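The next block holds one structure in the form of structure tokens; read it before the comments.
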Amino acid sequence: MNPDIAPVIRIRGLTKRYASGAVALKPVDLDIAKGEIFALLGPNGAGKSTLINIICGIVTPSSGSVTADGHDIQREYRAARAKIGLVPQELTTDSFETVWATVNFSRGLFGKPANPDYVARLLRDLSLSDKRNARIMSLSGGMKRRVMIAKALSHEPEILFLDEPTAGVDVELRRDMWNLVRSLRERGVTVILTTHYIEEAEEMADRVGVINKGELILVEEKRTLMKTLGKRQLVLHLASPLSAVPPELGPWRLELSAGGHELVHTVDGDRSIDVAALLERMSSLSIGIRDLQTHQSSLEEIFVSLVSRHA
Amino acid sequence: MSFPSPRAGSGKRLDFNHHGVWAIYRFEIARALRTLVQTLVTPAITTSLYFVVFGAAIGSRLDSLGGVGYGAFIVPGLMMLAIFSESMSNASFGIFFPKFTGTIYEVLSAPISYVEIVIAYVGAAATKSIVLGLTILATASLFVPVHILHPGWMIAFLLVNAVTFSLFGFILGLWATGWEQLQLIPMLVVTPLTFLGGAFYSISMLPPAWQTVSLFNPIVYLISGFRWSFYGTADVRVGLSLAFTLGFFAACLGVVALIFKTGYRLKN
Ligand SMILES: Nc1ncnc2c1ncn2[C@@H]1O[C@H](COP(=O)(O)OP(=O)(O)OP(=O)(O)O)[C@@H](O)[C@H]1O
Ligand SMILES: [Mg+2]
């Protein structure tokens, strides 16, 4: 994140204790840069929705401050909220309204004058055009989620919160959602999303935050995270075991494992190795290979190991 | 995709979100229009039945009350009865339902103040009940000679009572955590008090002891004042009626203000 540019979301010392006594957020500090896609990861009950709902004005914080585009979310809530769109975790829509009416309602609610052209385009982009006069209750769950996204985008927000946008949606809608997020980013919209699908964060996010038990335990550029914490390995299963790595294979920095049955190369950062040359050399040494595997630890593994370390 | 890029920081300050208020108001009116039969036609038919039963069958055997025929006498009471219950049910349902389904999230996340939220919901509920009250008035005048002595005061009483009971309903809707609670106060408190509050009779027709008891019923003052604007006759002094009407209005307004100061029952 470029430290010279003022963050579009600035969170300082934010805490939340619900009336029930449950502590959902320990003091959280976080800056989110304009135009970035930020993925918030964490197990159930970690405090992701609480964090988002505080920023959006649905939950009152216990202490701390948040500014959105420089506006304090409590003192200048009008200016702050006008910039923010939210797709909440739960599918909650009116039943009897039409798609067209509900999206226009949202736009008005957020203080924007009617703009039928924009709303029509929005519905088209979300493949909802042919449903515009349908009552919401007649739509499928996936369609309803599209409607909720349309509502969140109805007032042309600069910051979009997606709380588990792809929970329970099919592959096609998921891909559409990813495309949508990318196209929003191209237009300078900041997107903050939570997800349980790590591949989603891996696919889309610029930065990743990991939250566990109300504590932000890590915030990192996704690339850095994958590079420093993600291991890439090449595993060669040998036809017959070796007792030591032959010196001829020195340049490839191999390790013997599985009782001499495997040769393992661990990739260092982005540097890749010449696998073809390695295989050629091994065959010239008459070392037989039964199988070959590559393995890259996913964000998921990184995440699981992080959370269990902090548990 | 073709989302227009957001306009970077237009410095315009939003001081009254009239688009937002209008959006909620229209949403609430649209809800009534979807059930037009239930909202207006049913009450019109019910009113007609009242006049067939009370006006023609019973009323013809009663003496006129202060020079007003019984049929005409009950018109203001019928209107108030409808205004009370319609304002309460509309406003309470209007805010309770989004709370119940969860769609309230959108209102809470919008750049709209509590005052604006109240104006929108209460304004819509009051509008609906006033239209209903006038429908009843129009229906009634097909059956009996209705005559309005102080039209200005009639409108004023109608307006203030509609807004007051809408505010009251709004409070009920905020307070209620279930459907039963939503019905509880209107059914167990307000409707009985209205029936006992001289909607269909003058309390001077009661035995003296019951007359005294009736004076503890605040609804008596509201209905009496409204009836005075029609016929110039009243059970209690009109100044008292006015004081009660405005006092109840102020009380409801105060409670709503207090509730929102704490974000009570809308936010965690
Ligand atoms: N309204 C509430 N009242 C009391 N406690 C709550 C409330 N909402 C959330 N909590 C508690 O706060 C904690 C954080 O919940 P939150 O919904 O923010 O988690 P999350 O990270 O979004 O989880 P999930 O992945 O399941 O959506 C949990 O322990 C939860 O039980
Ligand atoms: Mg959540």
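Odds and ends about this structure:
- Residue B:229 vs. criteria touching a Ser or Thr at 6+ places or on another chain (Cβ under 6 Å) and more than 14 Å from chain A (Cβ to nearest Cβ): no
- Condition met for residue A:88 (in contact with a helix residue (DSSP H, G or I) (Cβ under 8 Å, 6 or more places away or on another chain), surrounded by fewer than 20 Cβ atoms within 10 Å (Cβ to Cβ) and either more than 30 Å from residue A:134 (Cα to Cα) or facing chain B (nearest Cβ under 9 Å) (or both)): no
- The stretch A:50-85, residues that are more than 9 Å from chain B (Cβ to nearest Cβ) and within 10 Å of ligand 1 (Cβ to nearest atom): A:51, A:52, A:54
- Subset of the stretch A:183-207 [aliphatic (A, V, I, L, M) and either at pLDDT below 85 or away from ligand 2 (no atom under 16 Å from the Cβ) (or both)]: A:184, A:189, A:191, A:198, A:201, A:204, A:205
- Set A:162, A:180: member being within 14 Å of chain B (Cβ to nearest Cβ), touching a helix residue (DSSP H, G or I) at 6+ places or on another chain (Cβ under 8 Å) and within 16 Å of ligand 1 (Cβ to nearest atom): A:162
- Test: residue in the stretch A:240-254 that is among the hydrophobic types (A, V, I, L, M, F, W, C), within 16 Å of ligand 2 (Cβ to nearest atom), touching a strand residue (DSSP E or B) at 6+ places or on another chain (Cβ under 6 Å) and away from chain B (no Cβ under 14 Å): no
- When residues of the stretch A:30-85 are limited to those that are part of a loop (DSSP other than H, G, I, E, B), over 30 Å from residue B:16 (Cβ atoms) and within 13 Å of ligand 2 (Cβ to nearest atom), the one farthest from the chain's Cα centre (by Cα): A:45
Here is a yes/no grid of residues against (1) surrounded by fewer than 20 Cβ atoms within 10 Å (Cβ to Cβ); (2) away from chain A (no Cβ under 14 Å); (3) farther than 30 Å from residue A:89 by Cβ; (4) at pLDDT below 95:
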{"position": "B:53", "(1), (2), (3), (4)": "yes, yes, yes, yes"}
{"position": "B:78", "(1), (2), (3), (4)": "no, yes, yes, yes"}
{"position": "B:113", "(1), (2), (3), (4)": "yes, no, no, yes"}
{"position": "B:143", "(1), (2), (3), (4)": "yes, yes, yes, yes"}
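- Boolean, residue B:185 is assigned to a helix (DSSP H, G or I), crowded, with 22+ Cβ neighbours inside 10 Å and among the hydrophobic types (A, V, I, L, M, F, W, C): no
- Residue count, the stretch A:266-281 (criterion: modelled with pLDDT under 80 and under 10 Å from residue A:236 (Cβ atoms)): 2
- With respect to the conditions (1) modelled with pLDDT under 95; (2) more than 18 Å from residue B:226 (Cα to Cα); (3) more than 14 Å from the chain's Cα centre (by Cα), residue B:120 lacks only one, and its number is (1).
- Qualifying residue in the stretch A:13-29 (condition: within 13 Å of residue A:213 (Cβ to Cβ), in the same structural domain as residue A:189 (by TED's automatic domain parsing), within 16 Å of ligand 2 (Cβ to nearest atom) and among the charged types (D, E, K, R)): yes
- Scanning the stretch B:239-263 for residues being within 14 Å of chain A (Cβ to nearest Cβ) and loosely packed, with under 12 Cβ neighbours inside 10 Å gives a total of 2.
- Cβ-Cβ distances below 7 Å connect the following pairs, each with a first residue in the stretch B:24-38 that is at negative phi, a second residue that is among the hydroxyl-bearing types (Ser, Thr, Tyr), and a separation of six or more residues or different chains: B:24/B:121; B:28/B:121; B:29/B:127; B:32/B:39.
- Residue A:308, sole failed condition from (1) surrounded by 11 or more Cβ atoms within 10 Å (Cβ to Cβ); (2) at pLDDT below 80: (1)
- The stretch A:163-174 residues that are assigned to a loop (DSSP other than H, G, I, E, B), paired with ones that are at pLDDT 80 or above and within 13 Å of ligand 2 (Cβ to nearest atom) (beta carbon under 7 Å, 6 or more apart): A:164/A:89; A:164/A:194; A:164/A:195; A:165/A:87; A:165/A:193; A:166/A:195
- Meets criteria (within 10 Å of chain B (Cβ to nearest Cβ), among the hydrophobic types (A, V, I, L, M, F, W, C) and either farther than 24 Å from residue A:169 by Cα or within 23 Å of the chain's Cα centre (by Cα) (or both)) for residue A:23: no
- Under the condition of being free of Cβ contacts under 8 Å to residues at least 60 places away in the same chain and either more than 12 Å from ligand 1 (Cβ to nearest atom) or among the β-branched types (Val, Ile, Thr) (or both), the residues counted in the stretch A:16-49 number 2.
- If you filter the stretch A:3-19 down to residues that are modelled with pLDDT of 90 or more and farther than 25 Å from residue A:79 by Cα, you find that the one that is surrounded by the most Cβ atoms within 10 Å (Cβ to Cβ) is A:17.
- When residue B:164 is tested against (1) touching a Phe, Trp or Tyr at 6+ places or on another chain (Cβ under 8 Å); (2) closer than 30 Å to residue A:92 by Cβ; (3) buried (at least 22 other Cβ atoms within 10 Å of the Cβ), only condition (2) is not met.
- When we screen A:180, A:160, A:218 for residues that are modelled with pLDDT of 80 or more, out of contact with any strand residue (DSSP E or B) (no Cβ under 7 Å at 6 or more places or on another chain) and surrounded by 15 or more Cβ atoms within 10 Å (Cβ to Cβ), the only hit is A:180.
- Within the stretch A:189-212, residues that are more than 15 Å from residue A:161 (Cα to Cα) and away from ligand 1 (no atom under 16 Å from the Cβ) have Cβ atoms under 6 Å from residues that are at pLDDT below 90 and not β-branched (Val, Ile, Thr) in these pairs: A:202/A:299, counting only partners at least 6 apart in sequence or on another chain.
- Residue A:191 vs. criteria within 14 Å of chain B (Cβ to nearest Cβ), among the hydrophobic types (A, V, I, L, M, F, W, C) and closer than 25 Å to residue A:8 by Cβ: yes
- Set side by side, the residues A:248, A:199 differ, and just one is under 15 Å from the mean Cα position of the chain (by Cα), exposed (fewer than 15 other Cβ atoms within 10 Å of the Cβ) and assigned to a helix (DSSP H, G or I), which is A:199.
The values are calculated or read from the model by the stated rules, or taken from the named source; none is laboratory data. Everything numeric in this text was worked out from a predicted model, so none of it was measured. Using ideal geometry, Cβ is built from the backbone for each residue, glycine included, and neighbour counts are taken over all protein chains shown.
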